[in-house]
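Right, one structure below, let's go through it.
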Amino acid sequence: MRQYRIFINVHENCFQNLPSGGRSCILTPMKSGSAVIIGRPNSGKSTLLNAIVGQKISIVSDKPQTTRHRVLGVVTEARGQIVFLDTPGIHKPAYAMNRRMIQTVYDGLHDVDLVILMTDASIAFGSGENYALEMVKRSGLPAILLLNKIDIIAKRRLLPIMQRYGAAGDFLEIIPVSALKGENLDVALDKIFEHLPEGEPLHGEEYFTDRTERFLAGEFVREKILERVREELPYACAVLIRRFDESRRETKKIVRIEADILVEKRSQQGIVLGAGASQLKSIGIAARHDLEKLLDCKVFLGLQVQTSPDWRNDESVLDELELGL
Ligand SMILES: Nc1nc2c(ncn2[C@@H]2O[C@H](COP(=O)(O)OP(=O)(O)OP(=O)(O)O)[C@@H](O)[C@H]2O)c(=O)[nH]1
Ligand SMILES: [Mg+2]
């Protein structure tokens, strides 16, 4: 005999008193599925992921191409579970590193239930937006468009932008949001749940990312560098964790982390170090602060700056950085 399992979601206020004196209960099936977030660099994909998951798992900066990896973030609620995939911004790849980043976006479009295309509503529609729309179309997947950064545009501009995207693509929903201010994110989440298949959660309630603490440590350091440097340096730097020592985590609540900051030129090394190594110190203090919150213990953080010319084309360094994974 075949057995069927039905996953149901019992709402807190689902019980109704019936005139007959009995009680009825409204049951809705649980939802479970995955949604990949794609879009141009700087559109706010990682800000959205962190806001929805409620944890900082993907670093954010005002420099394009901040995210280099696929970062998974899981939302689990009574109504179901969504596995979100944050991806690097879509751009023209110039180095082996960028080719791996773009491959990550294409890979993200496989085996997911839904695409979330994120656009920055405050910038003009251009060839980059067209390219992203084409990618969504070619994926053949159902898609939701989020028009982000509505906190910095005049409300009257929204309707024409929504009409333009509506004409250019076939979206299940077009939702204006502000990932930064949290505006309309509840509506976006409701709609994403609505369009996911029914099913059982894949992960336990506590699980919120597939990224290790070691990986996040490297990313947190890189975020602090991105906050402090300009021009070509954000693209030319990487952080390699050399040591992540947890041997005294249980007993003394201390984790020791050592990392190399890679840059491509000696002049960049000087910028990251700053006068009397003041810049490096400030990067270390800020990163340690975030890491102590993440790891819930004291962190000793040792940072070194190394010059590694053309590391962006060095496949072995890219492997070490887990790029493309
Ligand atoms: N005003 C405003 N700024 C936002 C909003 N969402 C994100 N930002 C800012 O936009 C910048 C880019 O945000 P990210 O989340 O790093 O963008 P991203 O799409 O992940 O960028 P890449 O990883 O480079 O592809 C940051 O300075 C954010 O603070 C928003 O809703 N409103
Ligand atoms: Mg990002």
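The values are calculated or read from the model by the stated rules, or taken from the named source; none is laboratory data. Just so you know, these numbers come straight off a predicted model, no measurement behind them. In this analysis, Cβ positions are derived from the backbone assuming ideal geometry, glycine residues included, and neighbour counts consider all displayed protein chains. Note: accessible area is taken over every heavy atom of the protein model, side chains too, but ligands, DNA and RNA are not part of it. Shrake-Rupley method; radii C 1.70, N 1.55, O 1.52, S 1.80 Å.
Compare Met101, Met30 by solvent-accessible area with a 1.4 Å probe and give them largest first, with all protein chains kept in place.
So the residues, ranked largest to smallest area, are Met30, Met101.
Antiparallel DSSP bridges in the chain: what percent, to the nearest 5?
40 percent
So which residue, out of Gly128, Gly204, Gly80, gets the largest mean-square fluctuation from a GNM of the chain using Cα contacts under 10 Å as springs?
Gly204
In Å, what is the Rg of the alpha-carbon atoms in the range 213-320, and how long is Dmax?
Just the Cα atoms of the range 213-320 yield Rg and Dmax of 13.9, 44 Å.
Please give the charge dipole size of the chain, origin at the Cα centre, charges +1 on K and R Cβ atoms and -1 on D and E Cβ atoms. Round to the nearest 20 debye.
660 debye
Give the whole-number value, in cubic angstrom per residue, of the convex hull volume spanned by the C-alpha atoms of the range 29-194.
Normalising the Cα hull of the range 29-194 by residue number yields 107 Å³.
Note the per residue figure in Å³ for the convex hull of the C-alpha positions in the range 194-264.
Details: hull volume 12.2 nm³, N = 71.
It is 172 Å³ per residue.
Once amide H atoms are built 1.01 Å from N in the peptide plane, which residues 5 or more positions from Lys31, or in another chain, come under 5 Å H to H?
For Lys31, the qualifying residues are Gly80, Gln81, Gly199.
Given 0.36 nm per residue, what is the gain on full extension from Tyr95 to Asp170 after removing their alpha carbon distance, in nm?
Here the segment from Tyr95 to Asp170 would lengthen by 23.7 nm.
In the range 213-320, what percentage of the DSSP-assigned beta bridges are antiparallel, given to the nearest 5?
Around 40 percent of the beta bridges assigned by DSSP in the range 213-320 are antiparallel ones.
Before anything else, pin down the relative contact order of the chain: Cα pairs under 8 Å, at least 6 apart, normalised by residue count, whole percent.
17 percent
Enumerate the lysines that Lys92 could reach by cross-link, defined here as Cα to Cα under 16 Å, with residues fewer than 8 away along the same chain left out.
List returned: Lys63.
Quick test of the membrane-span-like rule: which DSSP H helices of the chain reach at least 24 Å along their long axis (C-alpha atoms) with mean Kyte hydropathy at least -1.0?
278-295
Over the range 141-248, give the accessible area per residue in Å² for a 1.4 Å probe, as an integer.
On a per-residue basis, 51 Å².
Taking Cα centroids, how far is the range 173-237 from the range 104-160 in Å?
Comparing the Cα centres of the range 173-237 and the range 104-160, I get a distance of 16 Å.
If you take the C-alpha gyration tensor of the range 110-239, multiply each eigenvalue by 5 and take the square root, what semi-axes do you get, largest first, in whole Å?
27, 24, 16
Computing the accessible area with a 1.4 Å probe over protein heavy atoms, can you report the carbon and sulfur percentage for the range 29-194?
Values: 3460 of 6690 Å².
Accessible surface attributable to carbon and sulfur in the range 29-194 totals 52 percent.
Enter the accessible area per residue of the range 259-325 (Å², integer; probe 1.4 Å; all protein chains in place).
Numbers: 3470 Å² over 67 residues.
Here the residues of the range 259-325 average 52 Å² of exposed surface.
Along the charge dipole of the range 136-276, which of Leu196, Pro160, Ile261 sits closest to the positive end, that is, farthest toward it, with unit charges on the beta carbon of Lys, Arg, Asp and Glu (+1, +1, -1, -1)?
With unit charges placed on the Cβ atoms, the residue in question is Ile261.
Keeping all protein chains in the complex and leaving out DNA, RNA and ligands, what accessible area do you get for Tyr95 with a 1.4 Å probe, in Å² to the nearest 10?
70 Å²
Report relative contact order for the range 233-325 in percent, whole number only (criteria: Cα-Cα under 8 Å, sequence separation at least 6). Walk me through the intermediate numbers first.
Values: 127 pairs, mean separation 29.7, N = 93.
Computed over the range 233-325, the figure is 32 percent.
When you count, for each residue, the other Cβ atoms within 10 Å and take the mean per peptide, how do 61-72, 227-238 rank with the highest first?
So the peptides 61-72, 227-238, ranked by packing, come out 61-72, 227-238.
Which one of Glu264, Glu250, Glu292 has the biggest mean-square fluctuation once the chain is modelled by GNM with Cα springs under 10 Å?
Glu250
Compute the signed sum of charges (Lys and Arg +1, Asp and Glu -1) over the other residues within less than 13 Å, Cβ to Cβ, of Gly44.
-1
Over 21 Å between C-alpha atoms is what I'm after, so list which of Lys224/Lys298; Lys45/Lys265; Lys149/Lys191 land there.
Violating the 21 Å limit, Cα to Cα: Lys45/Lys265.
Label-point separation (nm) for Leu159 and Arg266, each offset 7 Å from Cα along Cα-to-Cβ?
6.2 nm
Give the whole-number value, in cubic angstrom per residue, of the convex hull volume spanned by the C-alpha atoms of the chain.
On the way: hull volume 65.6 nm³, N = 325.
Taking only Cα atoms, the chain has a hull volume of 202 Å³ per residue.
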